[in-house]
């Protein structure tokens, strides 16, 4: 539109409502300009109100991000807070009291302590029981035939090699000594202590190994189903 | 990447182990003194255990060996030598486990590998069992069983192969732990060791193998009421 019209300074003054009335030539320009402006306004078709309604309906359910951001900012931005010392002290005392009360209540609801494995009914009286750990115990019978022995004991990895060892019981006049122990599944090294001083490997043990000290340890691997009776 | 992760885990274990070792040293020293050790030996032995634990290795095998030596009235200098040898084998065991792809071996597994080295096995033996085992626990049990079978007279490589084959065939840890007992039952019934080895390698049912050898051998059947009385297995024999 500016290409089709030529403005001059007096016309601009007239449009601004200032200055002297324009000359005839200028008036013609103004009239042309007014006509063009009126035609442009007529050409504008008003936007349907249905569009506005649709847009507003779509936005109706949404929260304003700006408002949400404003809430969040209220929490994260610093604020000047004035507290009365007496109120603060009372709040601290109240919190501490609540904490202690909660702990006392929880203590009354403590779970019972796990009980140790009950004694095996078929076992002889406890023999070095504190030294033996029984995660998955299997009863194993140890025997040594030694008619001349006056005392026979058993020590091994299962009792921390504690001396004087787990005593074996003599079975009558046969010279056979024996003891039955619950042992964890796995490998155990052991030996017999005859008459309180002589370390003797088990002659019937499935395996023997060098103990590193110039002697021999007997080896037994206890399976979950026990030891097969040879 | 996997190797780097393994190294990081080992480094973390070393860092954690350092504090644990320092905390346990007085307890170990006290335990040794209670068993009749001299103070210099208790100091040296507990320091050796601490140094071993600081390297991320299990210390309990060393303590047990010290207690065993004291119970047998072995010269204390000799006990220390044996303990150092055991510590070296624990280190070799852990290296073999790491080399076989076990990124963070447990203390039990390292102890089993160390004991395997102690009994003459090598890194190949350890690796073969570990790679065949379905878990770290199975690997530890497998190494124990292979070592035990070898100690019972079965050739070392045959013992390793029998265990590895059992795992590869889908045998459980419980089955593998039964192998030494089954082999012992066969031997006790006069079966030749070569035949025992063959049966193990063929992975026949272990209980059947034991029964087939002499008929009288039995696996004691466990009562069902208590886990600790699962079996009344008998072990022992004629005197010395």
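The table for this structure:
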| item | result |
| --- | --- |
| Neighbours by Cβ (under 6 Å, 6+ apart or cross-chain): first from segment A:198-220, more than 7 Å from chain B (Cβ to nearest Cβ); second buried (at least 23 other Cβ atoms within 10 Å of the Cβ) and assigned to a loop (DSSP other than H, G, I, E, B) | A:218/A:202; A:218/A:205 |
| Failed criterion for residue A:117 (all others in (1) facing chain B (nearest Cβ under 8 Å); (2) over 14 Å from residue B:71 (Cα atoms); (3) buried (at least 16 other Cβ atoms within 10 Å of the Cβ); (4) at pLDDT below 90 hold) | (3) |
| Spans of strands (runs of 3 or more DSSP E) in segment A:135-207 with at least 2 residues within 51 Å of the chain's Cα centre (by Cα) | A:137-145, A:152-156, A:176-184, A:186-194 |
| Exclusive hit being in contact with a helix residue (DSSP H, G or I) (Cβ under 9 Å, 6 or more places away or on another chain) and more than 7 Å from every other protein chain (Cβ to nearest Cβ), set A:195, A:159 | A:159 |
| Candidates B:60, B:92 - the one that is farther than 25 Å from residue B:162 by Cα and within 16 Å of the chain's Cα centre (by Cα) | B:60 |
| Qualifying residue in segment B:117-126 (condition: modelled with pLDDT under 95 and part of a helix (DSSP H, G or I)) | yes |
| Unique residue being away from every other protein chain (no Cβ under 12 Å) and in a helix (DSSP H, G or I) when the list is B:162, B:146, B:150, B:140 | B:162 |
| Residue that is farthest from residue B:115 (Cα to Cα), among those in segment A:172-188 that are at the interface with another protein chain (Cβ under 8 Å from one of its Cβ atoms) and in contact with a helix residue (DSSP H, G or I) (Cβ under 7 Å, 6 or more places away or on another chain) | A:182 |
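Okay, residues lined up against (1) outside the structural domain of residue A:150 (by TED's automatic domain parsing); (2) more than 19 Å from residue B:149 (Cα to Cα); (3) out of contact with any strand residue (DSSP E or B) (no Cβ under 8 Å at 6 or more places or on another chain); (4) buried (at least 23 other Cβ atoms within 10 Å of the Cβ):
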position: A:170; (1), (2), (3), (4): no, yes, no, no
position: A:174; (1), (2), (3), (4): no, yes, no, no
position: A:194; (1), (2), (3), (4): no, yes, no, no
position: A:201; (1), (2), (3), (4): no, no, no, no
position: A:204; (1), (2), (3), (4): no, no, no, no
position: A:208; (1), (2), (3), (4): no, no, no, no
position: A:214; (1), (2), (3), (4): no, yes, yes, no
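The values are calculated or read from the model by the stated rules, or taken from the named source; none is laboratory data. Note that the coordinates shown come from a computational prediction; the quantities given were computed from them, not determined experimentally. Counting neighbours? That spans all protein chains shown, and the Cβs are built from the backbone with ideal geometry, glycine included.
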